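Below you'll find the structure, written out as structure tokens, and then a few comments.
The values are calculated or read from the model by the stated rules, or taken from the named source; none is laboratory data. Note that the structure is predicted; figures quoted are calculated from it, not measured. Backbone-built Cβ (ideal geometry, glycine too); neighbour counts: all protein chains shown.
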Amino acid sequence: MTIVPGELQVPIEGEADIVLARQKGRELAAEIGFSSTEQTIVALAISEIARNIVSYAERGEITFAKLDDGARRGLMVVARDQGPGIADIDLAMRDGYSTARSLGIGLPGAKRVMDEFEIESERDRGTTITMKKWLP
């Protein structure tokens, strides 16, 4: 798989950054050729993980990259923070679970709508979430 040159990075520190990350992700998805519906799905997943950065880590970044493996094209979204980390990833991935009194749909919801989803987290060192969406 090749990451196409031209990676884009958005710092995440507040609500306005969540909106900006959604916009940039949607724009990049459109450039790649995703349908309007798929662009909305990508923006939803970005919004959920960006909101987690603001809620739990206070600041982080989201990086976007176009993907091309020869047979297919897609979008990779990587969210990184140096927050407290996720103590129990399996628990955090359960629908309805939340430590912030929210609906608890963020991480599992993002995983459901993306084609690939991976979390790496270490207590007191932060979390990295990598998501990929491929053109149908």
How many residues, within region 29-40, are surrounded by fewer than 21 Cβ atoms within 10 Å (Cβ to Cβ), under 15 Å from the mean Cα position of the chain (by Cα) and hydrophobic (A, V, I, L, M, F, W, C)?
0
Set Ala65, Ala71, Ala43: member being surrounded by 16 or more Cβ atoms within 10 Å (Cβ to Cβ) and either touching a helix residue (DSSP H, G or I) at 6+ places or on another chain (Cβ under 8 Å) or over 19 Å from Glu7 (Cα atoms) (or both)
Ala43
Quick one: how many residues across region 109-127 are surrounded by 16 or more Cβ atoms within 10 Å (Cβ to Cβ) and either modelled with pLDDT of 90 or more or hydrophobic (A, V, I, L, M, F, W, C) (or both)?
9
Failed criterion for Pro84 (all others in (1) surrounded by 14 or more Cβ atoms within 10 Å (Cβ to Cβ); (2) under 16 Å from the mean Cα position of the chain (by Cα); (3) farther than 17 Å from Pro136 by Cα hold):
(2)
How do the strands (runs of 3 or more DSSP E) wholly within region 23-136 filter down when requiring 3 or more residues that are β-branched (Val, Ile, Thr), touching a residue at least 12 places away in the same chain (Cβ under 8 Å) and under 23 Å from Glu13 (Cβ atoms): which remain?
126-134
